[in-house]
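Q: Quick one: structure below, then a few questions.
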Amino acid sequence: MKYPGRASGADEGGGLSSRPGFKNPIKSLRIKSVLILSFFFFLSAALGLKLLVDFQTRQLLNEADKEAGSLASMVSQNIMDAMLKGSPSEAWKSIQKTAEDGRNRAWLTDYTGTVIASSVRQDVGKRAADLFEIKHGGISDILKKGPRAGSGGQYILSRTVAIRKKPQCAGCHYSSPAVLGWLTVGVSYTKTLTALNRLKRLFVLGAASLGAVLAGVLIILLTGTVVKPVRRMTNAIQEDLDEKVKKLTSLSDISRSMNIIHKQGDLLRMVIRSAVRELDADRGSVMLLEKEVDELFIHTGKGLSPETHRRSRFRMGEGIAGWAAKNRNPVMIEDVLEDPRFIRGRGFPVHASMLSVPLIGASSELLGVINIERGPTRPSFCKSELEYLLAIAGQASVAIENVELIQNLEKSYYDTISALAQAVEAKDPYTLGHSDRVTQFAIAIGEDMGLSREDIAVLRYGATLHDVGKIGIDEAVLNKPGKLTTEEFLHMKEHPEIGENIVRGVDFLQKIRPIIRHHQERYDGLGYPDGLKGDEIPLMVAIVTVADVFDALTSDRPYRKAKTTAEAVAMIKEQSGRQHNPSVVESFLRIFEEEEAPALSRGVQGVSTA
């Protein structure tokens, strides 16, 4: 991952789509889109065809209704004409003729509703209400409820007209009522309905065919004009999603790394290297607040020159970093040359883009500022990168406070044990200050031998506490002016193991246990408590052994006077390869070889323990 917000390929570095068991949501979305749009077109085609079928149905029913109306008017006119002529047989023939084709019916009822003539003989004498089952409610009911079969399985659409009284009928009928009876003509539309059902089946097949064609066209159109742009868009979304997952994973890894580092320098170096790497910056720095003078100074940097380290100190509110610290707000600048807060002449080259984020602890205490920069030919930082740096700064602030707590706790342990060691020394005026001098001598030798900063720190702790086990030795033995008895010497030889047991339960002092336990070992294997020999003795143990012996030789004891520096140096040189490691003795001699004895002693005692 280079830096957030820049796509790098959907599957690069183990993206989501390459993970086993991962179901691609984008591909599923494309399939669903095609299915939904296809269904929409199918539905549109079906609705259109249904409207067409309904229109044809209404047209056919209207035609049947007109046919029934025309037939009823014609038969009623024939009946009234026959009655005017006084020829009831012709009226009867008109009714019978209606049913000649087997499709239509005709019923003539009087004003009481009784059938007095019918194209079907068995209907005569019946009440019309009893024959209602072969009637229908008309076109609207047919369209709403569907057709209903009457007697003989025929679907009947009926039309009723009145047979009115005329003057010529006075001889045959009563003068009242005005309406002599009713003529109902029923027209069967069974064949029409059969044709209509065939038409519907054709329409269904047509709808299916049209839907298939539309679906094919849709897929072609989507592939050519919609799917490709959508695929590009969804690929971009997926790449952005993969990038966010990478960012979160990286941030989680950084956080875990912070939690296992207990040294401030190591922590800050890891923080700035991670920030520069993840945000693809050219350089960066972590500035801490020096509370005594209220100034920010560069503690750790990457890509910075020594001149920048030396000159880059800012008061609160001064410069971009000082402004971010004072206002406790992050700063994102596209071009520092255009920003009035930028200070020229502080010994570092101008960079076009910069992010500066304050480090604020859990108790809202300002700890410092983290800065990253990118050169003028590079893209400017964006908002997502600022948010990412804020996340790193938040984790770093917590980790810095945790390290400070751990270091304070370690210092408390160390001070407590050192106080006990000094209390033991204070009982004997001859050994007062012994641990401090051994520490100075050991550090001088270690620095000459090129030990790392971490090893020098271990050497300092180990040399300071090398004799802490004497707490458990009888005071009478420690302060005895004469030679120790065999029993007393065996008791004195217990102090390395006692000292190791004292620090065994202190985590941060585990590295100095070998120094405490083995500082009385000899290179020839005649030492104690384990009789280690040659390179079996760790280098830092050998260094402390030389420093311890040198200080003992140059200090007064109840049973002898102190040796001069030159005498002590000569004795140590003589014991090279027997009591002492030759490499350590060589370094020890290098420290003294150009000076006179008194000056040498003062010079070594002035070695810094920083």
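The values are calculated or read from the model by the stated rules, or taken from the named source; none is laboratory data. The model shown is predicted, which means the values in this text are computed figures rather than measured ones. Because the Cβ atoms are built from the backbone with ideal geometry, glycine has one as well, and the counts that use them run over all protein chains shown. Note: areas computed on protein heavy atoms with side chains; ligands, DNA, RNA excluded. Shrake-Rupley method; radii C 1.70, N 1.55, O 1.52, S 1.80 Å.
Q: How many residues are surrounded by fewer than 18 Cβ atoms within 10 Å (Cβ to Cβ), within 31 Å of the chain's Cα centre (by Cα) and either without any contact (Cβ under 8 Å) to a residue 60 or more places away in the chain or in a strand (DSSP E or B) (or both) if we restrict to the stretch 304-334?
A: Residues flagged as surrounded by fewer than 18 Cβ atoms within 10 Å (Cβ to Cβ), within 31 Å of the chain's Cα centre (by Cα) and either without any contact (Cβ under 8 Å) to a residue 60 or more places away in the chain or in a strand (DSSP E or B) (or both) within the stretch 304-334 amount to 5.
Q: Right, something else. Looking at the stretch 538-582, which of its residues are closer than 19 Å to E447 by Cα and in a loop (DSSP other than H, G, I, E, B)?
A: Those that are closer than 19 Å to E447 by Cα and in a loop (DSSP other than H, G, I, E, B): P538, N581.
Q: Additional query: Give the residues of the stretch 539-561 that are in contact with a Pro (Cβ under 7 Å, 6 or more places away or on another chain) and among the β-branched types (V, I, T), sorted by residue number. Reasoning before the result, please.
A: Our first condition is that a residue be in contact with a Pro (Cβ under 7 Å, 6 or more places away or on another chain); within the stretch 539-561, this holds for 541, 558-559.
Once the filter is applied, which keeps residues that are in contact with a Pro (Cβ under 7 Å, 6 or more places away or on another chain) and among the β-branched types (V, I, T), the stretch 539-561 yields only V541.
Q: Go through (1) open to solvent by 30 Å² or more (accessible area, probe 1.4 Å); (2) at pLDDT below 70; (3) not basic (K, R) for L131 and report which single condition fails.
A: Checking L131 against (1) open to solvent by 30 Å² or more (accessible area, probe 1.4 Å); (2) at pLDDT below 70; (3) not basic (K, R), the one that fails is (1).
Q: Those residues that are of a type in the set (K, R) and free of Cβ contacts under 8 Å to residues at least 60 places away in the same chain, I need them from the stretch 529-558; list them, please. Write out each step before concluding.
A: First, pick out the residues of the stretch 529-558 that are of a type in the set (K, R): 533, 557.
Matches in the stretch 529-558: K533 only.
Q: Another one. Just checking, how many residues over the stretch 547-584 are open to solvent by less than 50 Å² (accessible area, probe 1.4 Å) and of a type in the set (D, E)?
A: Total satisfying the criteria: 2.
Q: Out of the stretch 359-391, which residues are in a strand (DSSP E or B) and either modelled with pLDDT under 80 or more than 17 Å from R283 (Cα to Cα) (or both)?
A: Step one: list which residues in the stretch 359-391 are in a strand (DSSP E or B), which gives 359-360, 366-374.
Those that are in a strand (DSSP E or B) and either modelled with pLDDT under 80 or more than 17 Å from R283 (Cα to Cα) (or both): L359, I360, L366, L367, G368.
Q: Now a separate question. Taking R504, is it of a type in the set (D, E, K, R), open to solvent by 60 Å² or more (accessible area, probe 1.4 Å) and closer than 27 Å to H262 by Cβ?
A: On the way: of a type in the set (D, E, K, R): yes; open to solvent by 60 Å² or more (accessible area, probe 1.4 Å): yes; closer than 27 Å to H262 by Cβ: yes.
Yes.
Q: Separate question: Regarding the stretch 513-530, can at least one residue be identified that is among the aliphatic types (A, V, I, L, M), part of a helix (DSSP H, G or I) and surrounded by 20 or more Cβ atoms within 10 Å (Cβ to Cβ)?
A: Scanning the stretch 513-530, I find at least one residue that is among the aliphatic types (A, V, I, L, M), part of a helix (DSSP H, G or I) and surrounded by 20 or more Cβ atoms within 10 Å (Cβ to Cβ), so the answer is yes.
Q: Looking at (1) in contact (Cβ under 8 Å) with a residue 12 or more places away in the chain; (2) closer than 22 Å to L553 by Cβ; (3) open to solvent by 70 Å² or more (accessible area, probe 1.4 Å), which one does F489 not meet, given that it meets all the others?
A: All conditions pass for F489, except number (1).
Q: Filter the stretch 375-413 down to the residues that are of a type in the set (S, T, Y) and within 30 Å of R328 (Cα to Cα), then identify the one that is most open to solvent (accessible area, probe 1.4 Å). Step through it out loud before you land on a result.
A: The first filter runs over the stretch 375-413 and keeps only residues of a type in the set (S, T, Y), leaving 377, 380, 384, 388, 397, 412-413.
Keeping just the survivors that are within 30 Å of R328 (Cα to Cα) gives 377, 380, 384, 388, 397.
Numbers: T377: 130, S380: 47, S384: 32, Y388: 11, S397: 3 Å².
Applying the filter and picking the extreme gives T377.
Q: Only residues that are touching a residue at least 60 places away in the same chain (Cβ under 8 Å) and either assigned to a helix (DSSP H, G or I) or crowded, with 20+ Cβ neighbours inside 10 Å (or both): list them for the stretch 266-283, please. Reasoning before the result, please.
A: Of the residues in the stretch 266-283, the ones touching a residue at least 60 places away in the same chain (Cβ under 8 Å) are 267-268, 271-272, 274-276, 278-283.
The answer is L267, L268, V271, I272, S274, A275, V276, E278, L279, A281, R283.
Q: I've got another one for you. Pairs please, first residue from the stretch 394-411 and of a type in the set (A, V, I, L, M), second anywhere and assigned to a helix (DSSP H, G or I) and open to solvent by 60 Å² or more (accessible area, probe 1.4 Å), Cβ atoms under 7 Å, 6+ apart in sequence or on different chains.
A: Close Cβ pairs (under 7 Å, with a partner that is assigned to a helix (DSSP H, G or I) and open to solvent by 60 Å² or more (accessible area, probe 1.4 Å)) amount to A399/N259.
Q: Any residue at all in the stretch 433-446 that's farther than 24 Å from V584 by Cβ, at pLDDT below 85 and either out of contact with any helix residue (DSSP H, G or I) (no Cβ under 9 Å at 6 or more places or on another chain) or open to solvent by less than 70 Å² (accessible area, probe 1.4 Å) (or both)?
A: Just the residues of the stretch 433-446 that are farther than 24 Å from V584 by Cβ, to begin with: none.
Looking through the stretch 433-446, none of the residues is farther than 24 Å from V584 by Cβ, at pLDDT below 85 and either out of contact with any helix residue (DSSP H, G or I) (no Cβ under 9 Å at 6 or more places or on another chain) or open to solvent by less than 70 Å² (accessible area, probe 1.4 Å) (or both).
Q: Would it be correct to say that G450 is at positive phi, modelled with pLDDT of 85 or more and among the small types (G, A, S)? Full working, then the answer.
A: Details: at positive phi: yes; modelled with pLDDT of 85 or more: yes; among the small types (G, A, S): yes.
Against the criterion (at positive phi, modelled with pLDDT of 85 or more and among the small types (G, A, S)), G450 qualifies.
Q: Test E290 against the criterion of being farther than 16 Å from A391 by Cβ, surrounded by fewer than 16 Cβ atoms within 10 Å (Cβ to Cβ) and among the acidic types (D, E), and give yes or no. Break it down stepwise before answering.
A: Details: farther than 16 Å from A391 by Cβ: yes; surrounded by fewer than 16 Cβ atoms within 10 Å (Cβ to Cβ): yes; among the acidic types (D, E): yes.
Answer is yes for this residue.
Q: Here's another thing I want to ask about it. Output the number of the condition that T416 fails; it satisfies all remaining conditions of (1) among the polar types (S, T, N, Q); (2) open to solvent by 40 Å² or more (accessible area, probe 1.4 Å); (3) assigned to a loop (DSSP other than H, G, I, E, B).
A: (3)
Q: Test each condition in (1) of a type in the set (D, E); (2) within 39 Å of the chain's Cα centre (by Cα); (3) surrounded by 14 or more Cβ atoms within 10 Å (Cβ to Cβ) for E454 and report the one that comes out false.
A: Here E454 meets the rest and fails (3).
Q: Here's another thing I want to ask about it. Confirm whether G265 is modelled with pLDDT under 90, within 14 Å of I370 (Cβ to Cβ), touching a His at 6+ places or on another chain (Cβ under 9 Å) and not β-branched (V, I, T). Walk me through it before giving the result.
A: On the way: modelled with pLDDT under 90: yes; within 14 Å of I370 (Cβ to Cβ): no; touching a His at 6+ places or on another chain (Cβ under 9 Å): yes; not β-branched (V, I, T): yes.
So G265 does not fit the description; no.
Q: Any idea which of V468, V458 is out of contact with any Leu (no Cβ under 6 Å at 6 or more places or on another chain) and closer than 27 Å to R560 by Cα? If you could, list the steps in order and put the result at the bottom.
A: Numbers: V458 fails: closer than 27 Å to R560 by Cα.
Just one listed residue meets the conditions, V468.
Q: Scan the stretch 238-256 for residues that are of a type in the set (G, A, S) and loosely packed, with under 15 Cβ neighbours inside 10 Å and jot them down.
A: Just the residues of the stretch 238-256 that are of a type in the set (G, A, S), to begin with: 250, 252, 255.
S252 - this is the single residue of the stretch 238-256 that is of a type in the set (G, A, S) and loosely packed, with under 15 Cβ neighbours inside 10 Å.
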